[in-house]
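Reviewing the structure listed below.
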Amino acid sequence: MFYVMALWGALFLTVKGGFLAKPNPTGFPNVNVDTHLYLIAKHYFPDTAVSKSDSDLEAMVRNWTIEFHDRMPKSWRYINEMDYLNPIWARGDSFFAGRDMHPLLFKIYLANEAQLNEMCKASPAVRDFIIGVGLTNRVTRDARRVAYELVQDSPINAPVWALRLTYEKAKKLLVSMPEHRQLLDLLTIHHLRSKKQYDEVLSAIDRYIATYPDYTHEDMQKTSIAMNTHAELNGIAAGVLFEQGKYREALARFLYGGTPEDIAIIAEQVMTIDELKNFCDSHSFKKQIIMVEHYSHNCDKETQISYPDMLDHDVALAIIRNILARRLMRERRYNEAMPYFTGEDIRYLAERFNALWNIAVNPNSSKSKKFKSRLLVADMLRRYGDVLVGTELEPDNFICKGRFKCSWGGVITSVKLNKPDLPRFHYRYQAAEIYREAASFANDIRLTAFCDWSAGRLTKALDPNFAERYFKRLANLSCPLGKQAYKMNWFPSPKTFQKLDPEVFQLTKLQLLSLEEGTPKNWRFPLPIIPQIDDLPVTSETPEAYMKFTTQFAKETTPDHSSEVFYILAYAWQKAGAGGIAQGYYNWGEMEYRNKSFYRAAALYQKACSMDPGNKRFQHALQLAYHQLGVTGDAYDFIQEPPPTSSDTLHEAK
């Protein structure tokens, strides 16, 4: 029996790793263990006050309703461990010695089967509570045996018991209970899914979503069973469509209930670029997108996918559009890629990259501009290659910030996955080649050496054999850096380079510099747009009132702001800033900076500095934002376009 229960425990786990990454990802509804036991106690004892007529056991059951608030689910679906007494969930001798266990649970835990049967005779409330514990706790073997014997006489435990039965037996149990019709419909969906009756599954899911309201976190505290959410059911439907080979329809379903892994597998490894482009052109955002990127929470470990980890429509579409944009960039279709980048920071970088590349390949550009633009393009690929041309899944794993080696989609056999045939950090190899291209436009041998040194510096740790080609070129150049490379038989360190040629070494600080004249002080980024909010609880419409409101509101909310909190704070600070308080724009910029929206932060810091030019704190913050965007001083000013000199020679054969 224990092994049967363990098997059921495995079946009741929610989907892991997305709906496509596992062969059988669909999870049954879960038992809200805390809530279920609370509802049993509440059913028999609506009044939480302990009565003198209560027996000791009944008083302990009644106390469950009093103490329930301490055990209410604190996070979504954390009730999925299935029991309190699982040694994995409750560790330490103090728990099993009763010091950290509820007294009633400890009494049930210690009782043998005969004692439990006697306790069940005390009252229906005690009986149903013991049955509830037995059905939801695997290590209380005696209570589980008692529960299986007496559950037929306990209608309040019927939904939990139904999850332990085959579909046919569960249907027979629930069909006469109208209050459990929703659970029966859900079990029907999962049964049809297991039988691969795909058309019936899709119809059943659509009927369910149209009939029943969505299941929310608040519902967990009111229901014995944690029902599947609409998002989960849309994800199941998308998985069914995927198995049918309807990839476009599956991706459209994932807009309403999918994980980053699901979306990436279809958008990057199944659909062609033109198919994906057509899909993006036919779908639009429902609201303004603030977030720039969204990473998976399931990298490096097999954690549960739960509803908050799924993506809403606009965030999912933003991920798809960015995947398309990076695919187009990898094909060097730069102009086509620009409209699909979402998020101001990423779009800013992409537009800069595209503008610089157009200068680099323009036959009318001067030799100096071709050299400078290639340096800038190579540097952008070095610093921002993952967001510009990186893959969402392997090899770059942008989905988890490139930190882990992921293999999503590896178990999918129903379709051939077209995984990009690229090495890890392929954009660094591409940057190295562009550095080498830039060398052909340099009229100073020191600049040629810099290009070869930069290319080797990028690739020497990734592939020393690949970097060898740049070392050979560098070691044969008659300049301080080349001679040092020849002497060391490898690439000199940045510190050594700086001592050898401090003027050229400035190019290592070269980042997103403008080819036009002017300094960053003259650059102006447009301010972000925040939607109108009409119901802010401010005392008046003055800037001071908005600032006072944000101070109090920020204290009352968590540091990790949700989108709703973000909008409210941003809007109030915008009103304060527009009213003449520079601190409003600065505070808004600080929040954007913490969210790594450096483009937006720079725009807001600029506005704050223009309103209060002498504020050193504002200026310092602006410089930090500039640095994150790659905006630094004019390090390349000394690069001129002199005529070729005799110094551009190679070493004699060594």
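The values are calculated or read from the model by the stated rules, or taken from the named source; none is laboratory data. All values derive from a computational prediction rather than experimental measurement. Virtual Cβ from ideal backbone geometry, glycine too; neighbours counted across all protein chains shown. Accessible surface areas use protein heavy atoms only, side chains included; no ligands, DNA or RNA. Shrake-Rupley method; radii C 1.70, N 1.55, O 1.52, S 1.80 Å.
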Could you give P(r) for the stretch 165-289, binned at 5 Å from zero, as whole percent values over all Cα-Cα pairs?
2, 10, 17, 19, 18, 14, 10, 5, 4, 2, 0
Fully extended, how many nm does the chain gain between residue 541 and residue 433 (0.36 nm per residue separation, minus their Cα-Cα distance)?
33.2 nm
Consider a paramagnetic label point 7 Å from the Cα of residue 42 along Cα→Cβ; state which residues of the stretch 216-252 have an amide N under 18 Å from it.
216-227
With a 1.4 Å probe and all protein chains kept in place, how much accessible area does residue 490 have, in Å² rounded to the nearest 10?
70 Å²
Approximate spin-label separation residue 551-residue 212, in nm, with each point projected 7 Å along Cα-to-Cβ
4.9 nm
Heavy-atom accessible area of residue 426, protein chains in place, probe 1.4 angstrom, given in Å² to nearest 10, is 20 Å²
In nm, to one decimal, how far is the residue 148 label point from the residue 200 one, both placed 7 Å along Cα→Cβ?
2.9 nm
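Average the reciprocal distances over every distinct pair of alpha-carbons in the stretch 123-226, invert the result, and give the Kirkwood radius in Å.
15.1 Å
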Can you give me the Rg/Rh ratio for the stretch 413-510, using Cα atoms for both radii and the Kirkwood formula for Rh?
1.11
Would you list 458, 186, 500 from the most to the least accessible area, probe 1.4 Å?
500, 458, 186
Got a sec? What order do 499, 171 fall in by accessible area at 1.4 Å, biggest, i.e. largest, first?
499, 171
Could you tell me how far the Cα centroid of the stretch 146-215 sits from the Cα centroid of the stretch 326-384, in Å?
55 Å
Under 5 Å between amide hydrogens, which residues at least 5 positions from residue 31 or on another chain qualify, with H placed 1.01 Å from N in the peptide plane?
226
For residue 263 the rounded accessible area (nearest 10 Å², probe 1.4 Å, non-protein molecules ignored) is 0 Å²
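Could you rank 597, 493 by how accessible they are, 1.4 Å probe, largest area first?
So, going from the largest accessible area down, we get 493, 597.
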How much length is gained on full extension from residue 335 to residue 66, taking 0.36 nm per residue of separation minus their Cα-Cα distance?
90.4 nm
How many percent of the accessible area of the stretch 450-507 is carbon or sulfur, using a 1.4 Å probe?
48 percent
Do any of 172/222; 372/483; 277/419; 195/286; 460/483; 195/246 go past 27 Å between their Cα atoms, and which?
195/286
